[in-house]
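The values are calculated or read from the model by the stated rules, or taken from the named source; none is laboratory data. What you are looking at is a predicted structure, and each value in this text was computed from that prediction instead of being measured. Neighbour counts run over all protein chains shown; Cβ positions are idealised from the backbone, glycine included. These accessible areas exclude ligands, DNA and RNA; they are computed on the full protein's heavy atoms, side chains included. Shrake-Rupley method; radii C 1.70, N 1.55, O 1.52, S 1.80 Å.
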Amino acid sequence: MNELYEKYRLKLQRVTDIGSAQALMNWDQEIYMPPGGAAFRAQQLSTLAGIAHEMSIDKELGVLISQLLNDSSLGEVEKKNIKQSKIDFDKRTKLPTEFVEEMSRAISEAFQAWQEAKKKDDFSIYAPKLEKIVELKLREAEFLGYEEHPYDALIDLYEPGMTASMVTKVFEDVMPGLKSLLEEIKNQPQLSDELMYQEYDKDKQWDFSLFLLEQMGYDFNRGRQDISSHPFTIHFNSDDVRVTTRVNENDLAEILWSTIHEGGHALYEQGIPSDQYGLPAGEYISLGVHESQSRLWENNVGRSLEYWQKNFPLLQRSFPEQLGSYSVGEFYKAMNKVQPSLIRTSADELTYHFHIYIRFVIEKELLEKKLKVSELPARWNSLYKEYLGEDVPSDAKGVLQDIHWSHGSFGYFPTYSLGSFYAAQFFNRAEETIDDLRGKISRGELKELLSWLRANIHRFGKQFTAVELCEKVTGKKLDSEYFLEYARKKFRALYNIS
Ligand code: CO
């Protein structure tokens, strides 16, 4: 046993222990905490965040990492851990403490202003705070360093190795095709999703969602599902990965695809090796790869006809009155209705990417100072008209809808689309590798797909960048053409486009 490596491992595990305590407090806050507990909970979380940050920039840890970098006796995975820890450590120590504190104050002010502005539908309340955030994000990019574009430094925080020009290329490859596909769809008779909006007993919905998780291979001995208003997945370690879902008596779609989506995130976390706890090889790669796992299950599997060939008759058995007279084909059409809309979080699988692209364009323009914050609502509205054909009736339903910028999250939005694009490319590869995958899905046999994801993606943790992983799994760099092909095939069939 290498004593230095052991020291390093223990130090990182202790940081993760604190992080797990924070995560548990966050989970409790969403699920059980009475409203009166909010103020002290915020203080407790901030104390833990401070302790974890101090431990993670500890000089002794930095020295250990430097010493181990030159240790040739380490194994392959250990070397990768050290290399990644060096990158993480340098990144964390680049931001001066005063700057981190200034940013944290600006964020809490911007968040409050955003909430008020959204409620009152008044962008001017938020504008000066957002201006401050943009200014600080530009300074942050300078501290972190970048080669081409300040955006590169910021997206790297969520999607290491990805740059503004790479994201631009991915979108430029896919957007014209998606735009013309949307035009084709608009010219066809529209699909009906009315069957989703009947009255569905909440307990029966809940039971069915547990069945879906079980069928996917989610391990309830190392996880549980609860209810929250915004569904999420949270992990304390690979052996305790929890999901939440939401249930709406008058909209069956909410619970089904929330559960499958979060289930996909959770399968990833449960598949990361627990013996690498606290170390890079015990972490997820990036937000884009995380989202690829949730979307692969939600869309490529969970919105396919095959998946419901097995599951629709079971769902009918739970809801004979509501669904007994419908066919699986009608159910499949209802879940895949395409409808341009104003709100990103309720967008369909296709138009979702227009919402993301618009945000990406705006973020870049703000950071390039081509767009002033004061001009933001007008720019937003004109992009929604151009890409989705929608008139934005108010800022509350427009530029004020998302929390992200008030949290200082710039470069975060693209990871959602990257998730879908990775998912399409991964699923394509899975279909090439697994014999009769679609047949298996239609019989509810999902184990082989999960094993494939485990073997090719989950088990590596963060031993690779997303860019490297994609090449390793599919033999190619990320190529949004896979998503475009998938979308064309699926939606042209659904809308009878020849
Ligand atoms: Co997600």
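When each of GLU306, GLU349 is tested for being outside any helix (DSSP H, G or I) and charged (D, E, K, R), the lone residue that passes is GLU349. VAL167 meets all of the listed conditions (1) closer than 28 Å to LEU478 by Cα; (2) more than 21 Å from the chain's Cα centre (by Cα); (3) surrounded by 15 or more Cβ atoms within 10 Å (Cβ to Cβ) but one, namely (2). If you go through segment 347-382 and keep only what is open to solvent by 40 Å² or more (accessible area, probe 1.4 Å) and under 13 Å from ASP402 (Cβ atoms), you end up with nothing. Looking across segment 1-56, the residues that are among the small types (Gly, Ala, Ser) and either in contact with a strand residue (DSSP E or B) (Cβ under 6 Å, 6 or more places away or on another chain) or over 24 Å from SER228 (Cα atoms) (or both) come down to SER20, ALA23, GLY50, ALA52, SER56. Report the residue count in segment 63-86 for those that are surrounded by 14 or more Cβ atoms within 10 Å (Cβ to Cβ) and closer than 19 Å to GLY461 by Cβ. Residues meeting the conditions: 13.
Among the residues of segment 1-30, the one identified as open to solvent by 40 Å² or more (accessible area, probe 1.4 Å) and of a type in the set (Val, Ile, Thr) is THR16.
On the stretch given as segment 96-134, residues that are more than 22 Å from LEU45 (Cα to Cα) and of a type in the set (S, T, N, Q) total 1.
Every test in (1) within 16 Å of the ligand (Cβ to nearest atom); (2) open to solvent by 20 Å² or more (accessible area, probe 1.4 Å) is passed by ARG317 save one, and that test is (1). Per the conditions (1) free of Cβ contacts under 8 Å to residues at least 40 places away in the same chain; (2) over 20 Å from the mean Cα position of the chain (by Cα), the sole criterion not satisfied by ILE358 is (2).
Taken together, TYR284, TYR277 contain a single residue that is under 22 Å from TYR412 (Cβ atoms), at pLDDT 95 or above and surrounded by fewer than 22 Cβ atoms within 10 Å (Cβ to Cβ), which is TYR284. Applying a threshold of 9 Å to beta carbon distances and a minimum spacing of six or more residues, or different chains, the list of pairs starting in segment 3-17 at a residue that is over 16 Å from GLN84 (Cα atoms) and at pLDDT below 95 and ending at one that is of a type outside the set (Gly, Ala, Ser) and open to solvent by 50 Å² or more (accessible area, probe 1.4 Å) is empty. Which of (1) more than 16 Å from the ligand (Cβ to nearest atom); (2) under 21 Å from LEU478 (Cα atoms); (3) among the β-branched types (Val, Ile, Thr) does ILE356 not meet, given it meets every other one? Every condition holds for ILE356 apart from (1). Within segment 289-314, the set of residues being away from the ligand (no atom under 16 Å from the Cβ), surrounded by fewer than 22 Cβ atoms within 10 Å (Cβ to Cβ) and touching a residue at least 24 places away in the same chain (Cβ under 8 Å) comprises SER304, LEU305, GLU306, TRP308, GLN309, LYS310, ASN311, LEU314. Of the residues making up segment 239-288, those that are closer than 26 Å to MET25 by Cβ, out of contact with any strand residue (DSSP E or B) (no Cβ under 8 Å at 6 or more places or on another chain) and within 14 Å of the ligand (Cβ to nearest atom) are HIS261, GLY264, LEU267, TYR268, TYR284, SER286, LEU287.
If the requirement is being within 30 Å of SER374 (Cβ to Cβ) and charged (D, E, K, R), which of these qualifies: ASP395, ASP435?
ASP395
Given the criteria crowded, with 17+ Cβ neighbours inside 10 Å, within 16 Å of the ligand (Cβ to nearest atom) and not charged (D, E, K, R), does LEU323 qualify? It is false that LEU323 is crowded, with 17+ Cβ neighbours inside 10 Å, within 16 Å of the ligand (Cβ to nearest atom) and not charged (D, E, K, R).
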